[in-house]
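Pasting a structure below so you can have a look.
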Amino acid sequence: MTAPRTFPADFLWGTATASYQIEGAATEGGRAPSIWDTFSHTPGKTLDGDTGDVAVDHYHRWQEDVQHLADLGVGAYRLSIAWPRVQPDGRGELNREGVEFYSNLVDALLEKGIKPVVTLYHWDLPQVLEDEGGWRNRETALLFGEYARAMARELGDRVHLWTTLNEPWCAAFLGYGNGQHAPGVTDDLASLEAAHHLNLAHGLAVSAIREELGADAPVSLTLNLHVFRPADPANPGDLESVRRMDAVGNRIFTGPVLDGAYPADLLADTAAITDWSFVLDGDLEAIHQPLTNLGLNYYDISVVAAPTGEPVGDFPTPWPGCRDVHYPERPGEKTSMGWGIDATGLTELLTGLSARYPDLPLMVTENGAAFDDEVSPDGAVHDPRRVAYYAQHVEAVGKALDAGADVRGYFAWSLLDNFEWSFGYARRFGIIRVDYDTFARTWKDSAHWYHELVTTGTPPALPYTHAG
Ligand code: FCB
């Protein structure tokens, strides 16, 4: 038997959440509606009509949740700020009650020795800004820069790491492409405009934060870069699908953010949709800012093939210029999201990026799995499949470190079961279970496993069951 792996002592272990998914208190404390309030209250948009009105009541239970973080022993907590809670009009005056909520939360984390990693945009755009065009409207990017500046002023150096955006791919292409997410728009041009304005928002926010806090203020961006694999690596059509998907799925963000330009093949692939004239002089310079690190959210690989001419499923795919790409059925275990499980993609993602951008440290800002948990008669939640998922993916991070990738941290998604966007409360990602009637929090085995990992730096052996 080989000795168990030990992670570096300064490796940052954390858990992640997002404001709309956990806070609730949608109309309290001066918070204005976000696009997710509007969307989730629109019939047919979320499973069972679920909304984030109450979510897991974190707004009222945050002290208890901070205590869970302290008990877990994590070094960091990744949270997001709800823009409409701190700046209800999307511009101008701040709502003091909203700012105070996050200020108190950050202070409580620091008191427990937990580093706050704060995302400024995890998809809850103020509805008033959507009424003016949302991310289709360039003005939203400028306003986002000012909102970032205001938050930097308020929370300043108490924040360990600022993250401008979470997964702009989802915001642009699920929000404005296939309409699966808020605001529910289905328009290829709008999704590409949104992608650019999100990139611009990111760049302006980085500059604003650094103007406020100094040139070396820690700022990052979290992307859900897709690991595409051709169904048949010897089939040129499959490889061409990978290229097209990689352009509009990944390089549309890494191009301007890390390399300073949109890739030529992306512009060619989407020429029938737009001439990209919404990219104005100076935008690429504004977007291309040095980053403290890059955050990556990883769940599964994507296997793609050449177009077959057959329909690609009942939901329109959100990929402009790639609607005909075929996704072959994949054998093997699936999570309750219907996603496959393949930890090799995480090693590949981290080593590939580190090789391409050797000066850019990486952090896994989300990774985890939804499974239908069962509560045992004694109240325990044994979730061996989630534990196995974490064990495989933590090992995949270890392998990336072995291969020389510069990975600085890992955040489990999620601290708590929560509102899983269009799937409502029907998908449980938490390492801590939430009873949706009482809001009681119960550690699953995965939380106990994670606690041992983060406090020792060594993943506990499997099979793992917490004795209670
Ligand atoms: C990511 C989101 C996060 C959560 C997980 C499952 O795309 O960033 O909010 O929903 O997926």
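Read-outs: derived from the displayed coordinates by stated rules, not from any lab. These numbers come from a predicted model, not from an experiment. Neighbour counts run over all protein chains shown; Cβ positions are idealised from the backbone, glycine included.
May I ask you to compute the full-extension gain from ARG243 to ASP48, defined as 0.36 nm times their residue separation minus their alpha-carbon distance, rounded to one decimal in nm?
66.5 nm
Ranked by Cβ crowding within 10 angstrom, fewest neighbours first, how are TYR410, TYR436 ordered?
TYR436, TYR410
Mind listing the long-range amide H neighbours of GLY90? Cut-off is under 5 Å, sequence gap 5 or more, other chains count too, H placed in the peptide plane at 1.01 Å from N.
Close amide H contacts, sequence-distant or interchain: none at all.
Which whole-Hz couplings ³J(HN,Hα) result when phi for each residue of the stretch 148-158 is put into the Karplus expression 6.51 cos²θ - 1.76 cosθ + 1.60, θ = phi - 60°, listed in order with x for Gly and Pro?
4, 4, 4, 5, 4, 5, 6, 9, x, 7, 6
List LEU192, LEU360 from most exposed to least, where exposure is judged by having the fewest other Cβ atoms within 10 Å.
Result, fewest neighbours first: LEU360, LEU192.
Once phi is turned into θ = phi - 60°, what whole-Hz ³J(HN,Hα) does the Karplus curve with 6.51, -1.76 and 1.60 give for every residue of the stretch 209-215, x standing for Gly and Pro?
Result, ordered by residue: 4, 6, 5, 6, 10, x, 5 Hz.
Relative contact order for the chain using alpha-carbon pairs under 8 Å, separation at least 6, rounded to a whole percent?
Contact order relative to length: 17 percent.
Report ³J(HN,Hα) in whole Hz for each residue of the stretch 12-21, in order, from the Karplus equation J = 6.51 cos²θ - 1.76 cosθ + 1.60 where θ = phi - 60°; Gly and Pro get x.
Each residue's phi maps through the Karplus curve to give 8, 9, x, 10, 10, 8, 9, 3, 5, 6 Hz.
Give the percent of DSSP beta bridges with both residues in the chain that are antiparallel, rounded to the nearest 5.
DSSP beta bridges in the chain are roughly 15 percent antiparallel.
5 Å is the cut-off here: which amide hydrogens, built 1.01 Å from N in the peptide plane, fall below it relative to LYS444, excluding neighbours closer than 5 in sequence?
ILE432, ARG433
While we're on this one: So what's Rg/Rh here for the stretch 12-454, counting alpha carbon atoms and using the Kirkwood radius for Rh?
Checking Rg against Rh, the ratio lands at 0.94.
Under the rule of -39500 (n - 2.57) per DSSP H run of 4 or more residues, summed and divided by the residues of the chain, what mean residue ellipticity at 222 nm is obtained, to the nearest 500 deg cm²/dmol?
Helices in the chain give a 222 nm mean residue ellipticity of -10500 deg cm²/dmol.
Where does each of LYS399, LYS45, LYS444, LYS112 land when they are ranked from fewest to most other beta-carbon atoms within 10 angstrom?
LYS112, LYS399, LYS45, LYS444
At q = 0.10, 0.16, 0.17 Å⁻¹, what base-10 log of I(q)/I(0) does the Debye formula yield for the stretch 325-444 when every alpha carbon is treated as an equal point scatterer in vacuo?
Taking Cα atoms of the stretch 325-444 as identical point scatterers yields -0.38, -0.85, -0.93.
Give the separation of the Cα centroids, the stretch 180-220 to the stretch 413-468, in Å.
Each part's Cα centre sits 31 Å from the other's.
What is the Cα coordinate range of the stretch 86-175 on the first, second and third principal axes, sorted by size from largest, in whole angstrom?
Between the extreme Cα coordinates on each principal axis of the stretch 86-175 lie 41, 28, 16 Å.
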